[in-house]
Amino acid sequence: MQQHEPDPLSAAQLAAMRRSLTSGRGALTRRSLLRASGIGALTVGGLYGLSGCGIPPAKREGGNAAPSDDHSEQEKELNFSNWTEYMDVSDDEKTHPTLEEFKKRTGITVDYTEDINDNVEFFGKIRPQFAAGQDTGRDLIVVTDWLAARIIRLGWAQKLDPSHLPHAYANLIPQFRNPDWDPGRAYSYPWTGIDTVIAYNTKATDGKKVDSVTQMLDDPSLKGRVGFLTEMRDTVGMTLLDMGKDPATFTTADYDAAVGRLQKGVDKKQIRRFTGNDYTSDLDKGDLAACLAWAGDVIQLQAGNPDIQYAIPAAGYLTSSDNLLVPAKARHKTNAEKLIDFYYEPAIAAQLAAFISYVCPVDGVQEELAKIDPKLAENPLIVPDKAMARKAHAFRSLTSEEETSYEEKFAKLIGS
């Protein structure tokens, strides 16, 4: 693959990444809020690693990744890298029951490592091997959609064999089947989904439901007590939906109109502030009456505060995903595919969902989850019902020029 020296990231893009890593989606906790302390914060040089240091631009100029020399038949093992707190554990916290079941059933031992603290840092670890055409030492990784898209475009992910994925192919729920960066899921399958919704504190709203961006921006009773997110895709995407625009197909004019609408909310002091996941404390106390929020946080907040409620706007909501990929040159591709398929069996998916409390992408999981925890099985933030699934929207992929321009405009809006 021919190597190129792309343009470095703009100041606005670097600032957006810092926000994401320290308090945004990059810090979004997999079942806990520990990573909000900034574990994943990187130096500017580290952030430049996404586009500098001789990495090819984000398009596949060299074709698909060449098939690896698969040793799965001879070596009953695989190396799996994941985020912390993103796998079920036993009561004594010494084993992972679903991985133990996989080994018992297949004879394949999984070397499971929680070595992903954030997308940028992890990409920095594996980039040199990718660029050199070497094995990363990992057969399966979990990365958020924007990074999954980049790895696929660079030709650094292996195309999956559908014959090894009968459960995954059959049971993947429709809302995750066709991202624009991997149509038909040829290279990836979701590990979990991440939804952006409206959350509100009924004590702070005097019992009033808050269920639209229009209400957040225009209701005088909420003035100065509304929060939006510092993640551009979530805040602008939810605003676009409220304006009747599709985040999957919007134009630059649509984007500018959405930012302009939010700017009015800032100017008239309707919006209190733009936040990362530190909105959780303000919402819990009632300093924020309503805000955009991530579903995983809402579930955790509701466990301790019955005043916390959420709403799915009639216009829809934003969804993204963390995704399973088999890296180029992985030594045990077939074994990795077997593990992906294993987690798309509803009974296994239910065990995982009951522990991590994120959106489960597996159709048929509800009945199995009800055997474990009936309340979780009825929670549409974990098991989307058909009505909720129909309202899910993804923010389209951006060109490098669009991302630079859009982040600069958004940085000006939020004052960073």
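The values are calculated or read from the model by the stated rules, or taken from the named source; none is laboratory data. All of these numbers come straight from a predicted model, not from anything done at the bench. Using ideal geometry, Cβ is built from the backbone for each residue, glycine included, and neighbour counts are taken over all protein chains shown. Only protein heavy atoms, including side chains, enter the accessible area calculation; ligands, DNA and RNA are left aside. Shrake-Rupley method; radii C 1.70, N 1.55, O 1.52, S 1.80 Å.
Keeping to segment 68-90, report how many residues are over 27 Å from the mean Cα position of the chain (by Cα) and at pLDDT below 90. So that I can check it myself, show each step before the final result.
We begin by selecting, within segment 68-90, every residue over 27 Å from the mean Cα position of the chain (by Cα); these are 68-77.
Within this subset, residues satisfying the condition of being at pLDDT below 90 are 68-69.
Final tally of qualifying residues: 2.
Could you check how many residues of segment 108-144 are assigned to a strand (DSSP E or B) and of a type in the set (D, E)? Outline the logic, then answer.
Let us first name the residues in segment 108-144 that are assigned to a strand (DSSP E or B), namely 109-116, 140-144.
Subsequent filtering for residues that are of a type in the set (D, E) retains 111, 114-115.
Looking only at that region, the number is 3.
Between a residue in segment 94-109 that is farther than 18 Å from A354 by Cα and modelled with pLDDT under 95 and any residue that is open to solvent by less than 40 Å² (accessible area, probe 1.4 Å) and not acidic (D, E), which pairs come within a Cβ distance under 7 Å, given they are 6 or more apart or on different chains?
If the second residue must be open to solvent by less than 40 Å² (accessible area, probe 1.4 Å) and not acidic (D, E), no pairs are left.
Kindly indicate which of I299, I308 is modelled with pLDDT of 95 or more, open to solvent by less than 50 Å² (accessible area, probe 1.4 Å) and over 24 Å from L147 (Cβ atoms).
Values: I299 fails: modelled with pLDDT of 95 or more.
Of I299, I308, the one residue that is modelled with pLDDT of 95 or more, open to solvent by less than 50 Å² (accessible area, probe 1.4 Å) and over 24 Å from L147 (Cβ atoms) is I308.
Under the condition of being assigned to a strand (DSSP E or B) and of a type in the set (S, T, Y), which residue from segment 196-214 is nearest to A392 (Cα to Cα)?
Going through segment 196-214, the residues assigned to a strand (DSSP E or B) turn out to be 196-201.
Next, only the ones that are of a type in the set (S, T, Y) stay: 196, 200.
On the way: T196: 10, Y200: 20 Å.
Once the filter is applied, the top-ranked residue is T196.
So which residues in segment 248-287 are farther than 30 Å from S405 by Cβ and part of a loop (DSSP other than H, G, I, E, B), if there are any at all? Please lay out each step first, then the result.
Of segment 248-287, the ones farther than 30 Å from S405 by Cβ are 280-287.
Within segment 248-287, G286, D287 meet the criteria.
Just one of the numbered conditions (1) of a type outside the set (S, T, Y); (2) at pLDDT below 95; (3) open to solvent by less than 40 Å² (accessible area, probe 1.4 Å); (4) farther than 22 Å from R177 by Cα is not true of L413; which one?
Tallying (1) of a type outside the set (S, T, Y); (2) at pLDDT below 95; (3) open to solvent by less than 40 Å² (accessible area, probe 1.4 Å); (4) farther than 22 Å from R177 by Cα, L413 fails exactly one: (2).
Let me confirm something: among L369, L381, L339, which residue is in a loop (DSSP other than H, G, I, E, B) and either in contact with a Ser or Thr (Cβ under 7 Å, 6 or more places away or on another chain) or of a type outside the set (S, T, Y) (or both)? Spell out the reasoning first.
On the way: L369 fails: in a loop (DSSP other than H, G, I, E, B); L339 fails: in a loop (DSSP other than H, G, I, E, B).
The match here is L381.
Return the pairs, sorted by first residue and then second, in which the second residue is hydroxyl-bearing (S, T, Y) and open to solvent by 10 Å² or more (accessible area, probe 1.4 Å), the first residue lies in segment 179-195 and is more than 16 Å from K333 (Cβ to Cβ) and part of a loop (DSSP other than H, G, I, E, B), the beta carbons are less than 6 Å apart, and the residues are 6+ apart or on different chains.
D180/S397; W181/S397
Counting only residues that are among the polar types (S, T, N, Q), open to solvent by 60 Å² or more (accessible area, probe 1.4 Å) and within 16 Å of A315 (Cα to Cα), how many does segment 236-263 have?
The qualifying residues number 1.
Taking only segment 335-356 into account, find how many residues are open to solvent by less than 30 Å² (accessible area, probe 1.4 Å) and not aliphatic (A, V, I, L, M).
So the first thing to find is which residues in segment 335-356 are open to solvent by less than 30 Å² (accessible area, probe 1.4 Å), and the list is 335-337, 339-344, 348-350, 352-354, 356.
Retained after the next criterion (residues that are not aliphatic (A, V, I, L, M)): 335, 337, 341-344.
Count: 6.
Please tell me if R233 is surrounded by 18 or more Cβ atoms within 10 Å (Cβ to Cβ), modelled with pLDDT under 95 and among the basic types (K, R).
yes
Restricting to segment 357-378, what's the tally of residues that are surrounded by fewer than 20 Cβ atoms within 10 Å (Cβ to Cβ) and touching a residue at least 60 places away in the same chain (Cβ under 8 Å)?
Number satisfying all stated conditions: 2.
Only one of L217, L147 is at pLDDT 95 or above, part of a helix (DSSP H, G or I), crowded, with 17+ Cβ neighbours inside 10 Å and not aromatic (F, W, Y). Can you tell me which? Before the answer, list the steps.
On the way: L147 fails: at pLDDT 95 or above.
From the options L217, L147, the qualifying one is L217.
Go through segment 384-409 and count every residue that is in a helix (DSSP H, G or I), hydrophobic (A, V, I, L, M, F, W, C) and surrounded by 19 or more Cβ atoms within 10 Å (Cβ to Cβ).
Going through segment 384-409, the residues in a helix (DSSP H, G or I) turn out to be 386-390, 400-409.
Filter once more, so that each one left must be hydrophobic (A, V, I, L, M, F, W, C): 387-389.
Restricting the remaining residues to those that are surrounded by 19 or more Cβ atoms within 10 Å (Cβ to Cβ) gives 388.
Summing the residues that are in a helix (DSSP H, G or I), hydrophobic (A, V, I, L, M, F, W, C) and surrounded by 19 or more Cβ atoms within 10 Å (Cβ to Cβ) in segment 384-409 gives 1.
Taking segment 264-279 as the search range and keeping residues that are surrounded by fewer than 24 Cβ atoms within 10 Å (Cβ to Cβ) and of a type outside the set (D, E, K, R), which one is modelled with the lowest pLDDT? Show your work before the answer.
Taking segment 264-279 and keeping what is surrounded by fewer than 24 Cβ atoms within 10 Å (Cβ to Cβ), we get 264-270, 272-274, 276-278.
Filter again for of a type outside the set (D, E, K, R), leaving 265-266, 270, 274, 276-277.
On the way: G265: 98, V266: 97, Q270: 98, F274: 95, G276: 81, N277: 75.
For segment 264-279, the residue satisfying everything is N277.
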